[in-house]
Amino acid sequence: MSAMNRQILLAARPEGAIEPDTWEHRSVPVEKPGPGSFVGRTRVISLDPAMRGWLDDRPSYLPPVRIGEVMRAASVVEVIDSEHPDFRPGDHVVGVFGAQEYVISDGAGATKVDTSLASPSTYLGALGIPGMTAYFGLLDVGALQDGETVVVSGAAGAVGTMVGQIAKVKGCRVVGIAGGPDKCALLTDELGFDAAIDYRADDVEQALRTLAPNGIDVYFDNVGGDILDAALRRLAMRARVVICGAISQYNDPTRVKGPSNYMSLLVRRARMEGFVVFDYADRYAQAAEEIAGWIGAGRIKIKEHVVEGSVDDFPDTLQMLFRGENVGKLVLQLV
Ligand code: NAP
């Protein structure tokens, strides 16, 4: 009997928060690879806030996941059978292979990774999309200058931990905003941030007044909503506001709370700019090499939150992002 492929499919579009009936769990037989393709067995699946947006039927930078389609997800798979000249059994490959236990791929968009240099999960985190997002968002979009004051929200997450640490490599003063005392302690005690603000307990605007007394040069926003508004009030002259994400708004896409303090962009001669990391794909290799160098030199610490389980744990694991239960890059490792 052939092996069965356990898959998570989109069953219904959520109205607000993702509910269990959003998903269908099913098993189908694993097929043999045809000429020019390979079969990979999933090792780790990436969980990303953007997944919530991919479930909505509205224009975005990627088409929505279709009803009945395997949920879109990046993962690292191990090749177990191959008719493809470039991929051999035992190879580890990163790509957008979906929330499923096995994938058949023709190799399009698939990149071999060396698991003797870094773990599979790190190719989804510090050396993957979150690391690239932090690197290009901060250095290109944010046009960071040495010694500036950087504030990052969602600071204890996959992107945020990298933003703060890259800014420290660049000799900046870094203030992180995160939920809860434990995450704030991690930022200052382990990751080298200069200060942290617990947005659940503190008055963010007041804390920014104290911790960034000369104003914010680069505000890297991962959360949107009230925290973005508070940061806008504290901009330095010619500040750059990097719109990376807005997780506080993702579950209510029809009533997104826009910034009311945007006039400070005028007063401070500042700019606010969004970006999609995919636009930097031709520079990923160079960025990954530089980040790997910083990791190797002990200047950047990898933070990963690895949940062990099966593909069926994908829906519950995804919810952890929206409840703030992850520290660093959240992945589901199949065991
Ligand atoms: P993450 O930060 O590892 O995880 C999400 C975190 O968001 C949670 O741990 C939680 O931390 C925080 N959060 C959840 N609900 C919140 C709320 N209502 N208010 C404030 N904070 C909330 O996720 P990530 O993968 O690094 O992604 C961070 C952001 O980058 C997301 O907005 C994502 O969409 C965006 N992104 C953008 C690009 C791009 O190309 N522009 C690429 C990748 C990611 P707390 O405990 O601190 O609340």
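The values are calculated or read from the model by the stated rules, or taken from the named source; none is laboratory data. Keep in mind that what you see is a predicted model, and the values were worked out from it rather than measured. Backbone-built Cβ (ideal geometry, glycine too); neighbour counts: all protein chains shown. Note: accessible area is taken over every heavy atom of the protein model, side chains too, but ligands, DNA and RNA are not part of it. Shrake-Rupley method; radii C 1.70, N 1.55, O 1.52, S 1.80 Å.
With a requirement of 2 or more residues that are assigned by TED's automatic domain parsing to the domain that holds residue 18 and not acidic (Asp, Glu), the strands (runs of 3 or more DSSP E) lying completely within the stretch 223-335 that satisfy it span 304-309, 329-334. For residue 159, indicate whether it is among the aliphatic types (A, V, I, L, M) and in contact with a strand residue (DSSP E or B) (Cβ under 6 Å, 6 or more places away or on another chain). No: the conditions fail for residue 159. Evaluate the stretch 134-147: report whether one residue or more is within 20 Å of the chain's Cα centre (by Cα) and hydroxyl-bearing (Ser, Thr, Tyr). Yes, because at least one residue in the stretch 134-147 is within 20 Å of the chain's Cα centre (by Cα) and hydroxyl-bearing (Ser, Thr, Tyr).
Among the residues of the stretch 189-208, those that are under 11 Å from residue 164 (Cβ atoms), more than 11 Å from the ligand (Cβ to nearest atom) and either at pLDDT below 95 or open to solvent by less than 50 Å² (accessible area, probe 1.4 Å) (or both) comprise 191, 192, 193, 195.
For the stretch 296-318, the set of residues classified as open to solvent by less than 20 Å² (accessible area, probe 1.4 Å), within 14 Å of the ligand (Cβ to nearest atom) and of a type in the set (A, V, I, L, M, F, W, C) consists of 318 only. Taking the stretch 52-72 as the range and being over 16 Å from the mean Cα position of the chain (by Cα) and of a type in the set (D, E, K, R) as the test, the residues that pass are 56, 57, 58, 66, 69.
Scanning the stretch 156-187 for residues that are of a type in the set (Val, Ile, Thr) and within 14 Å of the ligand (Cβ to nearest atom), we see that the one that is nearest to the chain's Cα centre (by Cα) is 159. For residue 292, the stated conditions hold: it is of a type in the set (Gly, Ala, Ser), at pLDDT 95 or above and open to solvent by 40 Å² or more (accessible area, probe 1.4 Å). Checking the stated criteria, residue 128 turns out not to satisfy the condition of being open to solvent by less than 20 Å² (accessible area, probe 1.4 Å) and either more than 12 Å from the ligand (Cβ to nearest atom) or over 30 Å from residue 110 (Cβ atoms) (or both). Check the stretch 241-253 and report whether any residue there is open to solvent by 90 Å² or more (accessible area, probe 1.4 Å), among the polar types (S, T, N, Q) and closer than 19 Å to residue 51 by Cβ. Checked the stretch 241-253: no residue is open to solvent by 90 Å² or more (accessible area, probe 1.4 Å), among the polar types (S, T, N, Q) and closer than 19 Å to residue 51 by Cβ. In the stretch 319-330, the residues that are of a type in the set (Lys, Arg) and open to solvent by 30 Å² or more (accessible area, probe 1.4 Å) never reach a residue that is assigned to a loop (DSSP other than H, G, I, E, B) and more than 6 Å from the ligand (Cβ to nearest atom) with C-beta atoms less than 6 angstrom apart, at least six apart or across chains.
Selection of the stretch 254-278 for residues being open to solvent by 60 Å² or more (accessible area, probe 1.4 Å) and within 26 Å of residue 144 (Cα to Cα) yields 260, 262, 263, 266, 267, 268, 269, 271, 272, 273, 278.
Residues that are among the aliphatic types (A, V, I, L, M) and closer than 16 Å to residue 316 by Cα were ranked within the stretch 13-48; the one that is surrounded by the most Cβ atoms within 10 Å (Cβ to Cβ) is 45. Per the listing 105, 153, 121, the residue uniquely within 15 Å of the ligand (Cβ to nearest atom) and assigned by TED's automatic domain parsing to the domain that holds residue 84 is 121. Of the candidates 99, 134, 110, the single residue that is within 15 Å of the ligand (Cβ to nearest atom), open to solvent by less than 30 Å² (accessible area, probe 1.4 Å) and in contact (Cβ under 8 Å) with a residue 12 or more places away in the chain is 134. Residues of the stretch 1-53 that are hydrophobic (A, V, I, L, M, F, W, C), outside any loop (DSSP other than H, G, I, E, B) and either closer than 23 Å to residue 329 by Cβ or in contact with a helix residue (DSSP H, G or I) (Cβ under 8 Å, 6 or more places away or on another chain) (or both): 8, 10, 23, 44, 45, 50, 51.
Looking at the stretch 49-59 only, could you name the residues that are out of contact with any Leu (no Cβ under 7 Å at 6 or more places or on another chain) and either under 18 Å from residue 322 (Cβ atoms) or buried (at least 20 other Cβ atoms within 10 Å of the Cβ) (or both)? Residues satisfying the conditions are 50, 52, 53, 56.
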